[in-house]
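The values are calculated or read from the model by the stated rules, or taken from the named source; none is laboratory data. Just so it is clear, the structure is predicted and the values come from calculations on it, not from any experiment. As a convention, Cβ positions derive from the backbone with ideal geometry for all residues, glycine included, and neighbour counts pool all protein chains shown.
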Amino acid sequence: MITKIVKIEQVKEQKEALHEAGEILRSGGLVAFPTETVYGLGANGLDAEACAGIYAAKGRPSDNPLILHVANRSMVEQIAAVIPPLAEKLMAAFCPGPITLIMQRKAIVPDRITGGLSTVGIRMPENDVARALIQAAGVPIAAPSANISGRPSPTSAELTARDLDGRIPLILDGGPCHFGVESTIVDCTGNKAVILRPGAITREMLVELLGEEMVAMDPALVGADVVPRAPGMKYTHYAPKAPLTLIEGMPTRMVRAFQREVVRLQGEGQVVGVMASHEVLAGLKEILPAELMADYGHQGNLPSIAANIYEALRSFDDKPADVLLGEGTTDQGLGLAIMNRLHKASGFRTIRA
Ligand code: AMP
Ligand code: MG
């Protein structure tokens, strides 16, 4: 299959391309598209056959449910059995935006996409290409991240094409993603808002809106040995080709810790790649060639780090690195989402600085 990549600069000026994309979705095909979080691989969310195509193209485990993307409230009502008061509050504050709300589903939502759960994940993206595409399709769009299962999520059309070229007919190119990490998933089916996956809508933002006592975290996120309530969270994720180890700790100790570890690994004859801040990489110039460095932004600049981690991890795929070292961040604010992705990408291998 030939994959067409169409650049969408102005939604209003590209009605034809969006119409064609909507047509592909309505007839059961797949379209990759930008959102403010990462690129998604979309299919008609009410068509079980079409969604089966997503699992096949990605190699995604069938028990990992898909999120349904909607353009407006009437689409939420089309798929949610009830909209609990908690969900109403969260929608009023954060939708459209990088948050996914878990609610009880209506029967119109195919079993195939929820992995048999009685609930459905609903997200209203803010990105205007995503919104125009959902409107053009006229149905909720089921969309996981547009990568081969287990790999880092794509944050540009080029990175999407690296995984899906030849597997789908169309990629809409809306430029790089604003946030760069997936949506915050919040379960709204109980009396508290339970964070199942941290994201750009931070725990602190939820607490400010709802109060501390109304916000909880899925125990699986804070290290408890229990099955996560978001089925997809149990799988290996975001992994670069070479094994990654994180160095975590005080920012002021990072440079020394990296220098020591790079020299130690090189002494073992390993080719080392480093994904880290500008500040840490500056301290490695003497011992590491530039092509084995990936700069994820300035130390402490969490929005920039979030936007860069997946591309930085993927940048080593075609380089000769045997092992990778990555710099950890704080776990406050957006840092919680960053560290969640980095821990998974590294299989929880960590060194304390
Ligand atoms: P992805 O689309 O690849 O970002 O993954 C979607 C995430 O949402 C996975 O971790 C799923 O397990 C989770 N998810 C989707 N629907 C539900 C649901 N109904 N209940 C809990 N988690 C869900
Ligand atoms: Mg994903």
**OP:** Taking Val109 as the residue in question, decide whether it is touching a strand residue (DSSP E or B) at 6+ places or on another chain (Cβ under 8 Å) and within 12 Å of ligand 1 (Cβ to nearest atom).
**Re:** yes
Original post:
Looking only at the stretch 224-244, which residues are under 22 Å from Ser149 (Cα atoms), part of a loop (DSSP other than H, G, I, E, B) and not hydrophobic (A, V, I, L, M, F, W, C)?
Top reply: Pro228, Arg229, Tyr235, Thr236, His237, Tyr238, Pro240, Lys241, Pro243
**OP:** Those residues that are within 15 Å of ligand 1 (Cβ to nearest atom) and either touching a residue at least 40 places away in the same chain (Cβ under 8 Å) or under 15 Å from Val186 (Cα atoms) (or both), I need them from the stretch 62-82; list them, please.
**Re:** Ser62, Asp63, Asn64, Pro65, Leu66, Ile67, Leu68, His69, Val70, Val76, Ile79, Ala80
Original post:
Is the stretch 139-151 home to any residue that is surrounded by 24 or more Cβ atoms within 10 Å (Cβ to Cβ) and assigned to a helix (DSSP H, G or I)?
Top reply: no
Original post:
What number of residues within the stretch 296-307 are part of a helix (DSSP H, G or I), more than 12 Å from the chain's Cα centre (by Cα) and either more than 16 Å from Ser153 (Cα to Cα) or of a type outside the set (Val, Ile, Thr) (or both)?
Top reply: 3
Original post:
Which is more than 16 Å from ligand 2 (Cβ to nearest atom), under 24 Å from Val6 (Cα atoms) and at pLDDT 95 or above, of Ala93, Ala43, Ala50?
Top reply: Ala50
Original post:
Taking Pro176 and the conditions (1) at negative phi; (2) buried (at least 21 other Cβ atoms within 10 Å of the Cβ), which numbered condition does it fall short on, given that it satisfies the others?
Top reply: (2)
Subject >> Which listed residue, of Lys319, Lys285, is within 22 Å of Met250 (Cβ to Cβ) and part of a loop (DSSP other than H, G, I, E, B) >> reply: Lys285
Subject >> Checklist (1) surrounded by fewer than 17 Cβ atoms within 10 Å (Cβ to Cβ); (2) more than 16 Å from ligand 1 (Cβ to nearest atom) applied to Cys95, failing item >> reply: (1)
**OP:** Within the stretch 21-40, track down each residue that is away from ligand 2 (no atom under 16 Å from the Cβ), surrounded by 24 or more Cβ atoms within 10 Å (Cβ to Cβ) and closer than 16 Å to Ala71 by Cα.
**Re:** Ala21, Leu25
Original post:
Any idea how many residues of the stretch 105-128 are buried (at least 16 other Cβ atoms within 10 Å of the Cβ) and either in a strand (DSSP E or B) or polar (S, T, N, Q) (or both)?
Top reply: 8
**OP:** Please tell me if Ser118 is among the hydroxyl-bearing types (Ser, Thr, Tyr) and either within 16 Å of ligand 2 (Cβ to nearest atom) or under 20 Å from the mean Cα position of the chain (by Cα) (or both).
**Re:** no
Original post:
Quick one: which of Glu208, Glu248, Glu261, Glu212 is touching a Gly at 6+ places or on another chain (Cβ under 6 Å) and among the acidic types (Asp, Glu)?
Top reply: Glu248
Subject >> Answer from Thr252, Thr245 - the residue that is out of contact with any Phe, Trp or Tyr (no Cβ under 9 Å at 6 or more places or on another chain), closer than 30 Å to Asp163 by Cβ and polar (S, T, N, Q) >> reply: Thr245
Original post:
Counting residues that are farther than 24 Å from Val70 by Cα and not hydroxyl-bearing (Ser, Thr, Tyr), which strands (runs of 3 or more DSSP E) fully inside the stretch 183-223 reach at least 3?
Top reply: 215-217
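Conditions (1) touching a residue at least 12 places away in the same chain (Cβ under 8 Å); (2) more than 16 Å from ligand 1 (Cβ to nearest atom); (3) more than 26 Å from the chain's Cα centre (by Cα), marked per residue:
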residue: Pro198; (1), (2), (3): yes, no, no
residue: Met214; (1), (2), (3): yes, yes, no
residue: Met217; (1), (2), (3): yes, no, no
residue: Asp225; (1), (2), (3): no, yes, no
residue: Gly232; (1), (2), (3): yes, no, no
residue: Ile247; (1), (2), (3): yes, yes, no
residue: Pro251; (1), (2), (3): yes, yes, no
residue: Arg256; (1), (2), (3): yes, yes, yes
residue: Gly269; (1), (2), (3): no, yes, yes
